[in-house]
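Novice: Let me begin by handing over the structure; questions about it come next.
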Amino acid sequence: MTSKNNWHPDTKLVHGGTSRSQFGETSEALYLTQGYVYDSAEAAEARFKGDDDGYVYSRYGNPTVSMFEERMCLLEGAEDARATASGMAAVSSAIGCQVQNGDHIVAARALFGSCRWVVETLMPTYGVECTLVDGKSMDEWKAAVRPNTKVFFLESPTNPTLELVDIKAVADLAHENNAKLVVDNVFATPLYQHPLKLGADIVVYSATKHIDGQGRCLGGIILSDEEWINENLHDFHRHTGPSLSPFNAWTLLKGLETLSVRVDRQTDTAEKIAGLLSNQSKITQIMYPGLDSHPQADIAKKQMRRGSTLLAFELSGGKQAAFDFINRLDIVSISNNLGDAKSLITHPATTTHKSLAEEERIPVGITDGLVRLSVGLEDADDLLQDIERALN
Ligand SMILES: *Cc1c(COP(=O)(O)O)cnc(C)c1O
């Protein structure tokens, strides 16, 4: 038997974590059950005591959910994980489980809107203060640290502008200050960037995005080492109940089987679109980590295997030009979701990031002319044609 840990990612994606029932089914079984029955009162007692490690209730654990967690652990090189009902359940649990009244968080300012709400608005109501910094500036990260700083939090590439944060440098700073680094790795996917190898302590995903990849269900996951999970997340996850539904876990397991085929193809097409847009006079800026013109191309090379299935670009002519362009697209649909088989485009300033005041929005690059494109699985030439026609 080859060790599962030595499998290449594509093999892990198909076979990792699979646990067959007595029926020997090829496809992962869906255990759509809330509870579990015991052979005797003594057996129930033993299970609750922890003398045997079977399941007791699906808020705590479920065989289909466990398969998803194990497959993700193998892929990420993590010791342990807890699946959650959405990406935001993963983010809010990963942060909330390790802070208490009087602690302090430092986070990069360019965050997915709900992530920013959790650290900036929710956490202070529990007595946990948060300082937001420009994630690109190590000086700002350093200056924000306080004696009570417990958690660093970042997203890279960021949503929606695809800026990068130097994960290793921030991890080193966090550790010098006895803090933990949480990285939201949605945009890079588990295939193109490995935050744990770069020094991060905890990785979170919205599995809703590329991991499902076909726009069906919400899900999320938190991955870390066993010690951190046992000491911080284990009880929090059991008793606050952000648990993933077995049905969604099953869907996500099937999504993982095709993750690399989809993400590689979508990235191939995104690179072609980035190339096309680089030569268009109506585009004033294009943010794509795979391009040498990306302002942080050196960081992209250092920490990412490839670019992304997403790109952000700015049209000259502001909001009206962006709206006209979006409205003229035929194949690309208008939607704020991402990572889908269908290409999706959104105008962040008026949708996902509308709650940011203009003076907060512009410094993080969310200008009136900015659009974010999530590239799908359609034929690349059809997409290039659709985009070129809508631009002209
Ligand atoms: C979508 C997203 C989330 C939230 O995920 P949900 O599954 O929608 O809760 C968090 N972070 C990033 C970067 C995202 O793109």
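Novice: Please list, ordered by chain and number, the residues whose modelled amide H lies under 5 Å from the amide H of LYS342; skip anything fewer than 5 residues away on the same chain.
Specialist: LEU377
Novice: Turning to a different aspect of this structure: Hey, with R₀ at 56 Å, roughly what FRET efficiency would ALA43 and ASN101 work out to, going by the Cβ-Cβ distance, to 0.05?
Specialist: Once the sixth-power term is evaluated, E becomes 0.85.
Novice: Could you tell me which of rounded, prolate or oblate describes the stretch 290-387, using a ≥ b ≥ c as the square roots of the eigenvalues of the alpha-carbon gyration tensor, with rounded for a/c under 1.5 and, failing that, prolate when a/b is larger than b/c and oblate otherwise? Let's see the in-between values first.
Specialist: On the way: a/c = 1.72, a/b = 1.03, b/c = 1.68.
Since a/c reaches 1.5 but b/c is at least a/b, the shape of the stretch 290-387 is classed as oblate.
Novice: At 0.36 nm per residue, minus the direct Cα-Cα distance, what do GLU129 and TYR55 gain on full extension? Give it in nm, one decimal, please.
Specialist: Values: separation 74, 0.36 × 74 = 26.64 nm, distance 3.75 nm.
Full extension from GLU129 to TYR55 adds 22.9 nm.
Novice: Using only helices, what value at 222 nm comes out for the chain when you add -39,500 (n - 2.57) per DSSP H run of length 4 or more and divide by the total residues, to the nearest 500 deg cm²/dmol?
Specialist: On the way: 15 runs with 139 residues, N = 392.
My calculation for the chain gives -10000 deg cm²/dmol from helical runs alone.
Novice: A further question on this structure: Please list, in chain and number order, the residues 5+ apart from VAL133 or on another chain whose amide H is under 5 Å from its amide H, with Hs placed from the backbone.
Specialist: The answer is ALA107, ALA108, ARG109.
Novice: Provide the convex hull volume over Cα atoms per residue for the stretch 80-166, in Å³.
Specialist: 101 Å³
Novice: What number comes out for the charge environment of LEU122, summing +1 per Lys or Arg and -1 per Asp or Glu over other residues with Cβ under 13 Å away?
Specialist: Values: positive: ARG116; negative: GLU120, GLU129.
Net local charge, LEU122 excluded: -1.
Novice: Next question, about the same structure. So what are the three principal axis dimensions of the chain from its Cα atoms, in whole Å, longest to shortest?
Specialist: That works out to 74, 52, 35 Å along the principal axes.
Novice: Using the 10 angstrom Cβ neighbour count as an exposure proxy, how do SER245, SER293 rank, fewest first?
Specialist: Details: SER245 18, SER293 11.
So the ranking, lowest neighbour count to highest, is SER293, SER245.
Novice: Please compute the net charge surrounding ASN185, taking Lys and Arg as +1 and Asp and Glu as -1 over other residues with Cβ under 10 Å from its Cβ. Numbers along the way, then the final one.
Specialist: Details: positive: none; negative: GLU76, GLU155, ASP184.
Charge balance in the 10 Å sphere: -3.
Novice: So, with +1 on the Cβ of K and R and -1 on the Cβ of D and E, and no other charges, what is the size of the charge dipole of the stretch 1-157 about its Cα centre, to the nearest 20 debye? Intermediate values should be presented prior to the final figure.
Specialist: Details: 14 positive and 21 negative charges, 89 e Å.
Once rounded to the nearest 20, the dipole reads 420 debye.
Novice: For HIS104, HIS210, what's the fewest-to-most ordering of other Cβ within 10 Å of each Cβ?
Specialist: Values: HIS104 19, HIS210 30.
Sorted ascending by nearby Cβ count, the order is HIS104, HIS210.
Novice: Let me ask something additional. How much net charge surrounds TYR57 when only the other residues with a Cβ under 11 Å from the Cβ of TYR57 are counted, with Lys and Arg +1 and Asp and Glu -1?
Specialist: Working: positive: ARG47, ARG59, ARG238; negative: none.
Result for the local shell: +3.
Novice: Relative to the present Cα-Cα distance, how much length would full extension add between THR121 and THR18 at 0.36 nm per residue of separation? Could the numbers behind the result be given before it?
Specialist: Values: separation 103, 0.36 × 103 = 37.08 nm, distance 4.00 nm.
Extra length from THR121 to THR18 when fully extended: 33.1 nm.
Novice: Can you sort LYS136, LYS4, LYS12 by how many other beta carbons sit within 10 Å, fewest first?
Specialist: On the way: LYS136 19, LYS4 15, LYS12 24.
In order of increasing Cβ crowding within 10 Å: LYS4, LYS136, LYS12.
Novice: When the Cα centres of the stretch 155-209 and the stretch 312-352 are compared, how far apart do they sit, in Å?
Specialist: Going from one Cα centre to the other spans 26 Å.
Novice: For LYS136, which aspartates and glutamates qualify as cross-link partners when the Cα separation must be under 12 Å and same-chain residues fewer than eight apart are set aside?
Specialist: Partners within reach: GLU155, GLU163, ASP166.
Novice: Per residue, how big is the convex hull of the stretch 243-315 when only Cα atoms are used? Give it in Å³. Could you put the intermediate results ahead of the total?
Specialist: Values: hull volume 9.1 nm³, N = 73.
Dividing the Cα hull volume of the stretch 243-315 by its residues yields 125 Å³.
Novice: Ordered by residue, what ³J(HN,Hα) values in Hz, to whole numbers, does the stretch 208-217 give under the Karplus form 6.51 cos²θ - 1.76 cosθ + 1.60, where θ = phi - 60° and Gly and Pro are x?
Specialist: 4, 7, 5, 5, 5, x, 10, x, 9, 9
Novice: How far apart, in nm, are two points set 7 Å out from the Cα along the Cα-to-Cβ line at GLN385 and at GLU226?
Specialist: With each label placed 7 Å out from Cα toward Cβ, I get 5.6 nm.
Novice: Using θ = phi - 60° and the Karplus form 6.51 cos²θ - 1.76 cosθ + 1.60, what ³J(HN,Hα) does each residue of the stretch 349-361 get, whole Hz, x for Gly and Pro?
Specialist: Listing the rounded values in order: 4, 9, 10, 4, 10, 5, 6, 7, 5, 3, 6, 9, 6 Hz.
Novice: Let me ask something else about it. Work out, step by step, the length gained on full extension between ASP264 and SER137: first 0.36 nm times the residue separation, then minus their alpha carbon distance; give nm to one decimal. Don't jump to the answer; show the numbers that get you there.
Specialist: Values: separation 127, 0.36 × 127 = 45.72 nm, distance 3.07 nm.
In short, 42.7 nm is gained.
Novice: Give me the count of lysine pairs in the stretch 209-327 whose alpha carbons sit under 20 angstrom apart, restricted to pairs 8 or more positions apart or on different chains.
Specialist: Working: LYS209/LYS254; LYS272/LYS282; LYS272/LYS301; LYS282/LYS319.
Here the count comes out as 4.
Novice: Residue-wise, which Karplus ³J(HN,Hα) couplings in Hz belong to the stretch 304-321, taking 6.51 cos²θ - 1.76 cosθ + 1.60, θ = phi - 60°, and x for glycine or proline?
Specialist: Karplus values, whole Hz, x for Gly and Pro: 10, 6, 8, x, 6, 7, 10, 9, 10, 8, 10, 9, 6, x, x, 4, 5, 5.
Novice: Could I ask something else about it? For a quick protection proxy, order the peptides 233-242, 364-373 by their average other-Cβ count within 10 Å, most packed first. The partial results should precede the final answer.
Specialist: Working: 233-242: 15.9, 364-373: 22.3.
Highest mean packing first, the order is 364-373, 233-242.
Read the figures in this text as sums done on the coordinates, not as results from a lab. No experiment lies behind these values; they were computed from the predicted model shown. Ideal geometry is used to build each Cβ from the backbone, glycine not excepted, and the neighbour counts take in all protein chains shown.
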